[in-house]
Protein chains: 2
Amino acid sequence: MNVGFVGLGIMGTPMAQHLIGAGHRMFLHSRSGLPQGIAAPAAVACASAAEVARNANVIFIMVPDTPDVEAVLFGAGGIATALGESGDGPRRIIVDMSSISPTATKAFAGRINALGADYIDAPVSGGEVGAKAASLTIMCGGDPAVFDQVLPLLQTMGKNITLVGGNGDGQTTKVANQIIVALNIAAVGEALLFASRAGADPAKVRQALMGGFAASRILEVHGERMIKRSFAPGFRIRLHQKDLGLALQGARELDVALPQTAGAAQLMQVCAAHGMADLDHSALVKALEIMAEHPVAEG
Amino acid sequence: MNVGFVGLGIMGTPMAQHLIGAGHRMFLHSRSGLPQGIAAPAAVACASAAEVARNANVIFIMVPDTPDVEAVLFGAGGIATALGESGDGPRRIIVDMSSISPTATKAFAGRINALGADYIDAPVSGGEVGAKAASLTIMCGGDPAVFDQVLPLLQTMGKNITLVGGNGDGQTTKVANQIIVALNIAAVGEALLFASRAGADPAKVRQALMGGFAASRILEVHGERMIKRSFAPGFRIRLHQKDLGLALQGARELDVALPQTAGAAQLMQVCAAHGMADLDHSALVKALEIMAEHPVAEG
């Protein structure tokens, strides 16, 4: 199959390589040029996203944020240009694997459908490690028949692949995931800091809690990172801040209040303000430690 | 063994019955009198906690809050009275299974030690269901040799029994547990409400998230309760509010800030303000629903 890939950054490059490895004829475009080691004859470099779309049946997008996806789709030299030109060719499928706004995604899908193409939102979790290992979790929204067509391609990149519902529902699920992960990190941070300050051994407290209702993947993995003080990413605070921004922007659009998410976002902001935006998000606990150790004003 | 039990409420009664069932000679006292079905000849009713302590080697306490434990230990007719009288008898062990302040517990243990007796703090989780099924999780603090002496008695009441550290560490672990549980409930509530308002099926979102980093016992159990709208307790908001009060009071004593815990406590307060304090704590999601549906002022 002729497959396109737009956006060859830290995530996109290994993902595209899995598709190349599966034997697909690949058409690639990246704003900052193609990375080394992904060149011809395995893949064709294209000057624009439109050129990718002229050559490929399925076009994957993996770019940083909502405006980037909008530019790839509808900007100058964007995918929509090529869709507008196309005559009787096979119906194209756009698969956006970026993590962006669910409401913008619904609008983008509608505009792409109006141009005679299909759309799947398919954001991932698992980070660079998951991208390289082809073990990404992929949360999808779109038409089931279209999903079935791209599933074999997604399976070269990930493992837990779920069609949650219609367009936008994949992005909504990703936002929900990032809300829970952030708030569970804050939960473990406050609990372990409390325990530590009260004189208990946080490692023993974590162990005692693992069997009960406090059990979570975050207590297991990020709780251990907090105790062992290993804050190398992992998933950077900077990226989680962007995802919580999507949650809080979405909340405004949907008339929902997310007070705990807003609080956790501010704790991450405390970390960023102290130059820790590129630490793992488990370093949120450092914001609590800073708050406990440094009063606003000292006599 | 001669075993005492002070506090025969919803939790204490089934717990004492397990000790009776194990064949111990029991001495019981409860402020509001003994419940039916726990009477002689299996157990001896005592007029005071002091009378219990005069007859028993190990005395369990299961009362609501910090001042209640203080009254049982050091008030008129309290356990300390009997310890003050005792001569060459065997060294007594006080086991407080109530959920109370960790810092007060350290002070209580010190005063009991000074009277020539031992102290174990052993708060539980698992609620009335766990108390009846003898499946409580028991988080202990105290001397390991003393813990070993009471462990066979605790095993008649619970299953996951951990000695976390010295006196107070059991209560600290319980507080840490209640912090994580409350904040994970808020996390699942905000994520599922966001997803639902964005038009996704919250049941499918929950399912998609269960395999990844958002996975938790709370997403599994309480997430399902939120989706199925089954808010019968379970563990009541009223009791969780008391436990978060211990966390926030402890934070003041320890010079720690727990901003997310404070936020979750206020969400539970929204529920209480709407007459829902006796619903299961998963009903915290209703506070978020109320906040989304009812603006402060309508034009």
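A few remarks follow.
- Based on every Cα atom in segment B:2-125, Rg and the maximum pairwise Cα distance Dmax equal 13.2, 39 Å.
- For residue A:107 and residue B:10, a Förster radius of 56 Å and the Cβ-Cβ distance give a FRET efficiency of 0.55, rounded to the nearest 0.05.
- For the protein assembly as shown, the residue among B:5, A:186, A:22 whose Cα projects farthest onto the positive side of the dipole built from Cβ charges is A:22.
- Ranked by the mean number of other Cβ atoms within 10 Å per residue, highest first, peptides B:151-158, A:283-290 order as A:283-290, B:151-158.
- A convex hull fitted around the alpha carbon atoms of segment A:118-174 yields 62 Å³ per residue.
- Per-residue average of Cβ from other chains inside 10 Å of B:160-168: 4
- Shortest first, residue B:116 label-point distances to identical copies amount to 9.8 nm, with the label point at 7 Å from Cα along Cα→Cβ.
- Remark: mean inter-chain Cβ contacts per residue of B:243-256 equal 3, using a 10 Å Cβ-Cβ cutoff to other protein chain atoms.
- For the axis carrying chain B to chain A: nearest C-beta residue of B, whole Å: B:216, 2
- For the chain pair A and B, the buried solvent-accessible surface (1.4 Å probe, both sides summed) amounts to about 5000 Å².
- Counting only protein heavy atoms and a 1.4 Å probe, segment A:65-184 has 33 square angstrom of accessible area per residue.
- Chain B, Rg to Rh (Cα coordinates; Rh as Kirkwood inverse mean 1/r): 1.03
- For the peptide A:270-282, the mean number of other protein chain Cβ atoms found within 10 angstrom of a residue's Cβ is 0.
- Taking each residue as 0.36 nm, the span from residue B:238 to residue B:133 lengthens on full extension beyond its C-alpha to C-alpha distance by 35.5 nm.
- Computed with every protein chain present, the accessible area of residue A:29 is close to 40 Å² [probe 1.4 Å].
- By accessible area, using a 1.4 Å probe on protein heavy atoms only, segment B:162-233 has 48% of its surface on carbon and sulfur.
- Checking the Cα-Cα distances for B:204/B:242; A:286/B:286; B:159/B:228; A:132/A:174; A:132/A:204; A:106/A:174 against a 25 Å cut-off, the pairs over it are B:204/B:242; A:286/B:286; B:159/B:228; A:132/A:204.
- Exposure ranking of A:240, A:24 by accessible area [1.4 Å probe, largest first]: A:24, A:240
- Once you reduce segment A:1-50 and segment B:226-275 to the center of their Cα atoms, the two points are 50 Å from each other.
- Kirkwood Rh (inverse of mean 1/r, distinct Cα pairs), segment B:51-178, angstrom: 14.4 Å
The values are calculated or read from the model by the stated rules, or taken from the named source; none is laboratory data. If you're wondering where the values come from, they're calculated on a predicted model, not measured in any experiment. With ideal geometry, Cβ positions are generated from the backbone for all residues, glycine too; neighbour counts draw on all protein chains shown. Just so you know, the surface numbers come from the protein's heavy atoms only, side chains and all, with ligands and any DNA or RNA stripped out. Shrake-Rupley method; radii C 1.70, N 1.55, O 1.52, S 1.80 Å.
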